[in-house]
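Here the structure comes first, spelled out in structure tokens, and everything after it is commentary.
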Protein chains: 2
Amino acid sequence: VSRLHFPPADEQLAVIKRGVADLVVEGELREKLERSCRDARALKVKLGLDPTAPDLHLGHTVVLRKLRDFQDLGHQVIVIIGDFTGRIGDPTGRSETRKPLTEAEIQDNAETYRAQLGKILDMGRTRIEFNSSWLKTLTMEHVIRLTAHVTVAQMLQREDFAARYDSGRPISLHEFLYPIAQGYDSVALGADVELGGTDQTFNLLVGRDLQRAFGQEPQVALTLPLLEGLDGVQKMSKSLGNYVGINEPAIDVYGKLMSVSDSLMWRYFELLTRIPGSEVAALRAGHPMEAKKRLAATITAQYHGPGAATEAAAHFERVHQQRDVPEDIEEVLLPGDGGVGAGKGFESGGFRWPVWRVLREAGLVASNSEARRMIEQGAVEVDGLRVMDLNEGLEGGRRYLVKVGKRRFKRVVLGG
Amino acid sequence: VSRLHFPPADEQLAVIKRGVADLVVEGELREKLERSCRDARALKVKLGLDPTAPDLHLGHTVVLRKLRDFQDLGHQVIVIIGDFTGRIGDPTGRSETRKPLTEAEIQDNAETYRAQLGKILDMGRTRIEFNSSWLKTLTMEHVIRLTAHVTVAQMLQREDFAARYDSGRPISLHEFLYPIAQGYDSVALGADVELGGTDQTFNLLVGRDLQRAFGQEPQVALTLPLLEGLDGVQKMSKSLGNYVGINEPAIDVYGKLMSVSDSLMWRYFELLTRIPGSEVAALRAGHPMEAKKRLAATITAQYHGPGAATEAAAHFERVHQQRDVPEDIEEVLLPGDGGVGAGKGFESGGFRWPVWRVLREAGLVASNSEARRMIEQGAVEVDGLRVMDLNEGLEGGRRYLVKVGKRRFKRVVLGG
């Protein structure tokens, strides 16, 4: 399936190097690219993924888009699902959350991955491998031979191990075997290039060592920056809540991206879009809000198409761009388990809240009659749209900006 | 084959504890002994041996004699030949001397062991196992599960690893797996007790950890002191040359033991004999030379029988106990590849040197005729015995004290 004609090595290098954090070793990559052109042979480009977290967010896309670059240049992309360690779980039995995955769970996760990866990669030209298929055949003798090529001091130089060792927190010896397993994946594949976040540098270099020990040409280790989350400080991660999932609704993707700081915005332009540098420079010269809208629309369109991006932008305008919305608005959570009288006497479908009830429970009006009066006067807006009907239903499980008169604002999160 | 009636636990403990360096945990050993009595079940007592060094010396006998104690008490002794790692050799390929052993070499070494162990153990009741028989069946998954029970910090507390790590000398990661392999041997056997030198303490404790992880009752770790070599300083070892091999001729065993310092002698009494403490105390009250003869004769008899011990003692008397032998005698090496005219014109068997030739080549006489004259005068002694015949043959490959007249002495080492 791979293309057998490749662009000149220099041209490829320019594409590959954009946004890269580190490249070990550039000269070797150039040689591999030149040889690939001469022999009309695609390079094998490897990415390893953890089988336990198949919910991809924009942080993952930095490296996945780089993989797509290789694919667009005609190379062979191989995604490794690291199911071998997932099947083992936490052998110390200390972690409740790291139970061994079953065969069925791993297959399910792989399907989820496949669907999500398809938003970035051309899956028709993407090879997916499970590393248990070779790692489960290794014996203790193999492990001894593999581990002979790495020293304990090297392992303890890895940042996370160093920090734990120095602070006296225990490192189980089996944790030293995981980089070895990952490195052996490169041997099993004969990988030419491995991609990863900068936190993977050490593991990628172990792959080089093991390939050398097996008489293979070592892979090029290509690392990409870790994407900061919406807070602009911590690495984007689901557990920190500072993420944008690629499966989130278009409105949320757009809205979350509009919330980032101006400085983080330029970082996202670099790592999450392919908008040319010249165009980004032009945006820098203009108003930051215009640039941010361009960023949000571009990324939303990547995962939801241009139509959904336009709608999301319009929604955002209505809700957030009104001049009279103050900076600091109180947020109110209304639980969805049905307060006293919730929905009583009104034609409300499933999880819809009648707007009069929302106004009263959020404390925006003092009584049902005040709610009716304000709506009849056209003085109530939800997400920038005027409410015309007392019984209009608001969907549960979402967040709304509600305005009464000129001054009363609340953000209301509805349960359900 | 094991006896099913055992002495009372206290009585056994007294025998077992003699000469022991450390016992982890004594209370557990008592419980095991008591249960063994109750259930008429022998304890499994394990000793691991390196498959590459089958030349046993007195240093090894300290732990082997303790094993014999267990055997005499009726317990099941299991000797593990650590062939698994021997078959792998040095996986880094750096050590020329640690080439992988072949199946045939390992079998040869095992035969040599069997013959030598027979001088101390009752081989009819000794089980010999090769640890490759279970270790070669382990997979990488097993290794990960095993290593999960040990931390990196624990490993680096082991003295030899700590010293190397602190001084920046590399430790290959595979070296961390060897204690795990040895510990797993205890799991595979369900060992009740493991014996070793004090340098093995760490490995024996790993065995306890792994047995616990596998739901077994942990073995008791019983360590014995490392025996100082003849120099009284370094650990006895073949490579340092300060050893007494159990296969050396009786004369050499006796002679080497007579060379040790008085203080070392008492240590040897404790670790290498079973002479009761009261008797040793009596010897301490007498002349040290008498005590040393008792030590030398006792140990020589252990490996060569009482007859050979008596002969060795008589030989020693002749050679070393003459008052007129000076302290510092020149040593001369006569190569065995046949100097010019070696053996010519004389009826000398195989590797025997005619005594006249030894006298002349060692520079003890100036000519053949002086050699003849001195022998006829009865003025030549070899190892304290007067030489009567010009053509008397001295066996090659040995060391002799040669005396001519009252003043001329040389130690002569004959090749061959």
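The values are calculated or read from the model by the stated rules, or taken from the named source; none is laboratory data. Everything quoted here is computed from the prediction, not taken from an experiment. Positions of Cβ are generated from backbone atoms using ideal geometry, with glycine treated the same way; all protein chains shown enter the neighbour counts. For accessibility, only protein heavy atoms count, side chains too; no ligands or nucleic acids. Shrake-Rupley method; radii C 1.70, N 1.55, O 1.52, S 1.80 Å.
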### Task
Just give me the residues in the stretch B:303-319 being open to solvent by 50 Å² or more (accessible area, probe 1.4 Å), under 20 Å from B:Met289 (Cα atoms) and touching a residue at least 12 places away in the same chain (Cβ under 8 Å), in sequence order.
B:Thr310, B:Glu311, B:Glu317, B:Arg318
#### Entry: Residues being more than 13 Å from B:Val25 (Cβ to Cβ) and touching an Asp or Glu at 6+ places or on another chain (Cβ under 6 Å) - total across the stretch B:191-206
0
### Task
Looking for whichever is open to solvent by less than 10 Å² (accessible area, probe 1.4 Å) and more than 14 Å from every other protein chain (Cβ to nearest Cβ) here; the options are A:Gln107, A:Gln116. Which one fits?
A:Gln116
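What do you reckon, is A:Leu101 modelled with pLDDT under 95, open to solvent by less than 60 Å² (accessible area, probe 1.4 Å), within 23 Å of the chain's Cα centre (by Cα) and more than 9 Å from chain B (Cβ to nearest Cβ)?
Details: modelled with pLDDT under 95: yes; open to solvent by less than 60 Å² (accessible area, probe 1.4 Å): yes; within 23 Å of the chain's Cα centre (by Cα): yes; more than 9 Å from chain B (Cβ to nearest Cβ): yes.
So A:Leu101 fits the description; yes.
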### Query
Would you pick out the residues in the stretch B:386-413 that are under 26 Å from the mean Cα position of the chain (by Cα) and either over 14 Å from B:Leu359 (Cβ atoms) or of a type outside the set (Ser, Thr, Tyr) (or both)?
B:Gly396, B:Gly397, B:Arg398, B:Arg399, B:Val413
### Query
Looking at the stretch A:129-148, which of its residues are surrounded by 22 or more Cβ atoms within 10 Å (Cβ to Cβ), at the interface with chain B (Cβ under 7 Å from one of its Cβ atoms) and under 27 Å from A:Val77 (Cβ atoms)?
A:Leu135
### Task
For A:Val79, state whether it is closer than 14 Å to A:Ile16 by Cβ and touching a residue at least 40 places away in the same chain (Cβ under 8 Å).
no
### Message
List the residue pairs whose Cβ atoms are under 9 Å apart, where the first residue sits in the stretch A:249-271 and is touching a residue at least 40 places away in the same chain (Cβ under 8 Å), the second is aromatic (Phe, Trp, Tyr), and the two are 6 or more positions apart or on different chains.
### Response
A:Ala250/A:Tyr303; A:Ile251/A:Phe316; A:Val253/A:Tyr303; A:Tyr254/A:Phe316; A:Gly255/A:Phe316; A:Leu257/A:Tyr268; A:Met258/A:Phe316
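Out of the residues in the stretch A:80-94 that are of a type outside the set (Val, Ile, Thr) and assigned to a loop (DSSP other than H, G, I, E, B), state the one that is farthest from the other protein chains (Cβ to nearest Cβ). Outline the logic, then answer.
Of the residues in the stretch A:80-94, the ones of a type outside the set (Val, Ile, Thr) are A:82-84, A:86-87, A:89-91, A:93-94.
Next cut, assigned to a loop (DSSP other than H, G, I, E, B) only: A:82, A:89-91, A:93-94.
Details: A:Gly82: 13, A:Gly89: 10, A:Asp90: 8, A:Pro91: 4, A:Gly93: 8, A:Arg94: 9 Å.
Checking each candidate, the answer is A:Gly82.
Do the conditions hold for A:Asp69, that is, is it within 23 Å of A:Leu272 (Cα to Cα), touching a helix residue (DSSP H, G or I) at 6+ places or on another chain (Cβ under 7 Å) and surrounded by fewer than 16 Cβ atoms within 10 Å (Cβ to Cβ)?
Details: within 23 Å of A:Leu272 (Cα to Cα): yes; touching a helix residue (DSSP H, G or I) at 6+ places or on another chain (Cβ under 7 Å): yes; surrounded by fewer than 16 Cβ atoms within 10 Å (Cβ to Cβ): no.
Spelling it out, it is not the case that A:Asp69 is within 23 Å of A:Leu272 (Cα to Cα), touching a helix residue (DSSP H, G or I) at 6+ places or on another chain (Cβ under 7 Å) and surrounded by fewer than 16 Cβ atoms within 10 Å (Cβ to Cβ).
On the given criteria, is B:Ser278 under 18 Å from B:Phe316 (Cα atoms) and more than 17 Å from the chain's Cα centre (by Cα)?
Taking the combined requirement at face value, the residue does not satisfy it.
Is it the case that the stretch B:169-192 has a residue that's at positive phi and free of Cβ contacts under 8 Å to residues at least 12 places away in the same chain?
Looking only at the stretch B:169-192, we keep the residues that are at positive phi, and these are B:190.
Those left that are additionally free of Cβ contacts under 8 Å to residues at least 12 places away in the same chain: none.
No, there is no match, as no residue in the stretch B:169-192 is at positive phi and free of Cβ contacts under 8 Å to residues at least 12 places away in the same chain.
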### Summary
For the stretch B:27-65 the number of residues that are under 30 Å from B:Gly232 (Cβ atoms), modelled with pLDDT of 95 or more and open to solvent by 60 Å² or more (accessible area, probe 1.4 Å) is 0
### Summary
Residues of the stretch B:112-141 being of a type in the set (Val, Ile, Thr) and more than 21 Å from B:Ala191 (Cβ to Cβ), in sequence order, are B:Thr112, B:Thr139
### Task
Go through the stretch A:152-182 and give me each residue that's at the interface with chain B (Cβ under 7 Å from one of its Cβ atoms) and not in a helix (DSSP H, G or I).
A:Pro170, A:Ile171, A:Ser172
### Query
Is it the case that some residue within the stretch B:87-95 is more than 25 Å from the chain's Cα centre (by Cα), of a type in the set (A, V, I, L, M) and modelled with pLDDT of 95 or more?
no
## Note on the structure
In the stretch B:132-175, residues that are at pLDDT 95 or above and within 27 Å of the chain's Cα centre (by Cα) total 0
## Note on the structure
If we ask which residues in the stretch B:355-386 are surrounded by 16 or more Cβ atoms within 10 Å (Cβ to Cβ), assigned to a loop (DSSP other than H, G, I, E, B) and modelled with pLDDT of 90 or more, their number turns out to be 3
### Query
Considering only the stretch B:183-203, how many residues are more than 12 Å from chain A (Cβ to nearest Cβ), modelled with pLDDT of 95 or more and assigned to a helix (DSSP H, G or I)?
5
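Just for the stretch A:295-328: of the residues that are within 29 Å of the chain's Cα centre (by Cα) and part of a loop (DSSP other than H, G, I, E, B), which one is modelled with the highest pLDDT?
Taking the stretch A:295-328 as the starting set, the residues that turn out to be within 29 Å of the chain's Cα centre (by Cα) are A:295-321, A:327-328.
Narrowing further to those that are part of a loop (DSSP other than H, G, I, E, B): A:321, A:327-328.
Details: A:Gln321: 65, A:Glu327: 71, A:Asp328: 79.
In this case the residue turns out to be A:Asp328.
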